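So the structure is just underneath, and the comments pick up after that.
The values are calculated or read from the model by the stated rules, or taken from the named source; none is laboratory data. A quick note: this is a predicted structure, and the numbers were derived from the prediction, not measured. Here the Cβ positions follow ideal geometry from the backbone for every residue, glycine too, while neighbour counts run over all protein chains shown. Ligands, DNA and RNA are stripped out before the accessible areas are found, and what is left, the full protein with its side chains, is counted by its heavy atoms. Shrake-Rupley method; radii C 1.70, N 1.55, O 1.52, S 1.80 Å.
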Amino acid sequence: MTSLHHAVVGTGPAVLLVHAGVADSRMWAGQVEDLRRDHQVITLDLRGYGETPLEVAAKYSDAGDVLALLDHLGIGTTAVVAASYGANVVLQAASRAPERFNRLVLMSPPVDGVEPTEDLRAFWAEENRLLEAGDVDGATALNVKIWLGPEADAEARELLRVMQARAFEVQLAAGDDVDNEEYEVTPAAITAPVKLFSGAHDLQFFREGAALLATQLPDVDYVELPWAGHLPTMERAAEGIELVRKALTVEG
């Protein structure tokens with residue numbers, strides 16, 4: 001496997017933070033500073049994000065990479081906090097190896113079995129138009145507009161711009177000749193308690209997906225945040241820190 005760029009700080013129960021598909025590990029800076037006081041906090045950049053390269057024509061699995069990283073670090077079981085595409089990767093990994101995870105905190109995961117909604121299709125069409133025209137800056141700005149809700153401040157928007165720009169830089173250079181194998185998501189196989197969040201200002205596709213997933217998981221507490229878009233921990237930074245800390249408890 002490609003060695004994922006990762007960092008480990010703090011001591012205590014392990015918690016792994018897995019970033020969204022428009023971001024990288026930098027989105028979790030506030031959570032890292034808070035949780036490192038009493039947790040062993042692991043952050044990573046998936047392939048094609050942040051500091052992890054994307055190899056052309058290399059077959060890989062993001063979920064497999066996550067499990068391999070836990071093996072490499074000698075972590076038998078861990079809690080996980082994950083957002084968007086990263087949350088889907090965690091669902092894949094927890095379906096394949098449920099014994100490795102003791103608590104899942106998932107925000108706005110894409111969910112199998114939900115048809116793309118009109119708002120998502122419109123985003124895809126506009127992003128493709130901009131990229132085909134060579135307007136990477138425009139496509140980056142579009143992502144910032146779509147994936148951050150109304151509560152996000154200028155600092156959050158600039159950070160997301162930087163992270164998405166980096167993802168485009170790495171992924172566009174690799175082209176289409178990459179082979180990411182997705183593991184099947186089997187919600188009924190996931191034994192860890194799950195705290196599941198969606199945002200009332202998110203695209204319909206993700207709100208529908210969270211509602212469906214909440215009916216499929218054996219042990220789930222589902223909350224729709226009335227103020228949030230797609231990335232709540234970035235949209236209300238201080239509240240996002242407390243939200244994650246509380247969600248890591250079974251009662252949270």
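Let me know the Kirkwood hydrodynamic radius for the chain, please, with Cα pairs as the basis and the value in Å to one decimal. Working shown, then result.
Working: mean 1/r = 0.0551 Å⁻¹.
By the Kirkwood definition, the hydrodynamic radius is 18.2 Å.
Calculate the dipole size of region 102-225 relative to its Cα centre from +1 charges on Lys and Arg beta carbons and -1 charges on Asp and Glu beta carbons; express the result in debye to the nearest 20.
Charge dipole of region 102-225: 420 debye, to the nearest 20.
Gap in Å between the Cα centre of region 23-99 and the Cα centre of region 111-137?
Each part's Cα centre sits 25 Å from the other's.
If you average 1/r over every pair of different alpha-carbon atoms in region 1-77 and take one over that average, what Kirkwood value in Å do you get?
Mean inverse Cα-Cα distance, inverted, gives 12.9 Å.
Quote the relative contact order of region 1-102 in percent (integer), defining contacts as alpha-carbon pairs under 8 Å separated by 6+ residues.
The normalised contact order for region 1-102 reaches 35 percent.
So, with +1 on the Cβ of K and R and -1 on the Cβ of D and E, and no other charges, what is the size of the charge dipole of region 54-151 about its Cα centre, to the nearest 20 debye? Please list the in-between numbers first.
On the way: 7 positive and 15 negative charges, 85 e Å.
So the dipole magnitude of region 54-151 works out to roughly 420 debye.
Tell me, what is the percent relative contact order of region 133-222, built from C-alpha pairs under 8 Å that lie six or more residues apart?
For region 133-222, the relative contact order is 26 percent.
Nearest 20 debye, what's the magnitude of the dipole of region 31-108 about its Cα centre given +1 on Lys and Arg Cβ and -1 on Asp and Glu Cβ? Before the final figure, lay out the partial values.
Details: 7 positive and 10 negative charges, 46 e Å.
Its charge dipole is roughly 220 debye.
Could you give each residue of region 142-150 its phi-based ³J(HN,Hα) in whole Hz, using Karplus coefficients 6.51, -1.76, 1.60 with θ = phi - 60°, and x for Gly or Pro?
4, 4, 4, 4, 6, 9, 10, x, x
For a test of the definition: using alpha carbon positions, the gyration tensor, and the 1.5 limit on a/c, classify region 92-152 as rounded, prolate or oblate.
Prolate shape, in that a/c is at least 1.5 and a/b is the bigger ratio.
Where does the chain land at 222 nm, in deg cm²/dmol rounded to the nearest 500, when only DSSP H runs of n ≥ 4 count, each adding -39500 (n - 2.57), divided by all residues?
It comes out at -13000 deg cm²/dmol, rounded to the nearest 500.
Give the lysines whose C-alpha is closer than 18 Å to that of Lys145, dropping any in the same chain fewer than 8 places away, or say none.
none
Are there any trypsin sites (Lys or Arg not before Pro) in region 28-130 that are in a DSSP loop and have at most 15 other Cβ atoms within 10 Å? List them by number.
Answer by residue number: Arg37.
Could you tell me what percent of the DSSP beta bridges with both partners in the chain are antiparallel, to the nearest 5?
Around 15 percent of the beta bridges assigned by DSSP in the chain are antiparallel ones.
Classify region 200-244 as rounded, prolate or oblate from the Cα gyration tensor: take a ≥ b ≥ c as the square roots of its eigenvalues, call it rounded if a/c is under 1.5, otherwise prolate when a/b beats b/c and oblate if not.
oblate
Expressed as a whole percentage, what fraction of the accessible surface of region 76-192 belongs to carbon and sulfur atoms when a 1.4 Å probe is rolled over the protein heavy atoms?
Result for region 76-192: 48 percent of the exposed heavy-atom area is carbon or sulfur.
Show me, for region 130-136, the HN-Hα J-couplings you get by feeding each phi into the Karplus relation (A = 6.51, B = -1.76, C = 1.60, θ = phi - 60°), rounded to Hz, glycine and proline as x.
Result, rounded to whole Hz: 5, 5, 5, 7, x, 8, 5.
Just the accessible area per residue of region 98-218, please: how many Å² with a 1.4 Å probe?
The answer is 49 Å² per residue.
Just to check, using Stokes-Einstein with a Kirkwood Rh over alpha carbon pairs, what's the diffusion coefficient of region 157-252 at 10 °C and 1.306 mPa s in µm²/s? Write down the numbers at each step before the final one.
On the way: Rh = 15.8 Å.
D = 101 µm²/s.
With every protein chain present, what accessible area does Thr249 have (1.4 Å probe, heavy atoms only), rounded to the nearest 10 Å²?
That residue has around 60 Å² of solvent-accessible surface.
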